[in-house]
Amino acid sequence: MASLAQKRSPALAVLATSFVILWVVVASFPFLWTLWGSFKVQGDFFSKADWTNALWGTRTIIETGDAFTNQAYSGAWIDQEFWRATLNTFTVVFFTVIISLTFGTLGGYALARSGFRYAFWLLMIALVFRAMPHITLVSGYLLPFFEWNVWGHLPTSIIVLVAINQPFTLWMLHSFFLNIPKDLDESAMVDGCTRFQAFRYVIIPVMWPGVITTGLFSFLLAYNDFAVTAMLLSQENQTMVPKIASFLGSTFEEGNVMFAVAAVVSATAPLFVLILFFQRQIVSGLTAGAVKG
């Protein structure tokens, strides 16, 4: 049996390696192709005559004199002020994550340590609220925001994104707190800590990977949001995703597709850096709930 397993292992290793390589190529190809095309002109990247024009830059050479050009990036970032949408996005994301994690950690800890049955029903209500389509929630905010004359400003979108994101952070952090023994709280309070001091100095350091993981998912929700920011923000305060959509134009207004391509690359690149930087914390946070503390 051992010799049979040894004979099969090289074939399995080759098969597994081939599968991983294929998966990496398939998963990374759309982004790499978009990145390559962002340095071409529209006539090459969206060529109907010959798709290989996007590889060699036939029209790009004719129009610019070089196989690569930064016209799409300069047009998006400078002419269309995509930098302003980027600042708006990071402002919305920062406050959404901070507020969501603050209420999520406090609420998750309180519900995890509560022995009352209302904790279960609060979590159920939060789950139902989280399952609702975002567009139905946004429509409920429109009338009061118009009446109070606060529509179009960044704080309005932050409030709605926090409301949408809070049930998720509450559930996720609640599950992490359940896996932390209550003995840690009790030992800290025996040593003279108050409940909040035990939470701050003992519990939070233990579950820090869970907080980072939850914060990352909250970041992605706010960073990639379209429904909330498109409906609640004015054109001057647009975030990146609605701004990219505006580059595509409409039936009444012609857009610039290459601006959208360059903006997509610019918006996607920070996500790769973020995932690479926090990969260890993400893995440890996601696996923390699998082991009972």
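The values are calculated or read from the model by the stated rules, or taken from the named source; none is laboratory data. Just so you know, these numbers come straight off a predicted model, no measurement behind them. Glycine gets a Cβ as well: all are built from the backbone with ideal geometry, and neighbour counts include every protein chain shown. To get the accessible areas, we keep the full protein, side chains included, count just its heavy atoms, and leave off ligands, DNA and RNA. Shrake-Rupley method; radii C 1.70, N 1.55, O 1.52, S 1.80 Å.
Structure values in brief
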item: Exposure ranking of 168, 46 by accessible area [1.4 Å probe, largest first]; result: 46, 168
item: In degrees, nearest ten, helix 208-223 long axis to first principal axis of the chain (Cα); result: 40 degrees
item: Contour minus Cα-Cα distance for residue 279 and residue 153 (0.36 nm per residue); result: 42.0 nm
item: Taking the C-alpha atoms of segment 2-135, convex hull volume expressed per residue in Å³; result: 267 Å³
item: Order of exposure, largest accessible area first, which applies to 182, 40, 48 with probe 1.4 Å; result: 48, 182, 40
item: Extension reserve of the residue 23-residue 271 stretch, reckoned as 0.36 nm per residue once the Cα distance is removed; result: 87.4 nm
item: Mean accessible surface per residue for the chain, computed with a 1.4 Å probe while every protein chain stays in place, in Å²; result: 59 Å²
item: Dipole of the chain, positive direction: furthest Cα of 257, 164, 229, with charges on the beta-carbon; result: 164
item: Mean separation of Cα contacts under 8 Å, 6 or more apart, over the residue count of segment 1-133: relative contact order %; result: 12 percent
item: Acute angle (nearest 10 degrees) that the helix 257-277 long axis makes with the longest principal axis of the chain, alpha-carbon atoms; result: 40 degrees
item: Accessible area, probe 1.4 Å, largest first, for residues 117, 200, 59, 280; result: 280, 117, 200, 59
item: 0 to 90° range, to nearest 10: angle between helix 154-178 axis and the chain longest Cα axis; result: 50 degrees
item: Proximal aspartates and glutamates to residue 243, defined as alpha-carbon separation beneath 18 angstrom and excluding residues fewer than eight positions away on the same chain; result: 79, 81, 225, 253, 254
item: Paramagnetic reach from residue 134 (point 7 Å along Cα→Cβ, amide N under 11 Å) across segment 196-231; result: 220-231
item: Neighbour-limited loop hits for GluC sites (Glu not before Pro), segment 56-147 (at most 14 other Cβ within 10 Å; DSSP other than H, G, I, E, B); result: 81
item: Listed residues 211, 202, 257, most fluctuating in the chain (Gaussian network, C-alpha, under 10 Å); result: 202
item: Contact order normalised by residue count of the chain, Cα under 8 Å, 6+ apart, percent; result: 24 percent
item: For segment 128-175 versus segment 193-264, the gap between their alpha-carbon centres in whole angstrom; result: 13 Å
item: Label point distance in nm, residue 116-residue 78, each placed 7 Å from Cα along Cα→Cβ; result: 6.1 nm
item: Segment 154-267, relative contact order in percent, only Cα pairs under 8 angstrom and at least six apart counted; result: 25 percent
item: With DNA, RNA and ligands ignored, accessible area of residue 90 (1.4 Å probe; Å², nearest 10); result: 90 Å²
item: Highest average packing first - 171-178, 136-143, Cβ atoms within 10 Å; result: 171-178, 136-143
item: Which labelled figure in [x] 25, 23, 20; [y] 42, 32, 16; [z] 37, 28, 17 is semi-axes √(5λ) of the Cα gyration tensor in Å, once derived from the coordinates; result: [y]
item: Stretchable slack from residue 245 to residue 56, in nm (0.36 nm times residue separation minus alpha-carbon distance); result: 65.3 nm
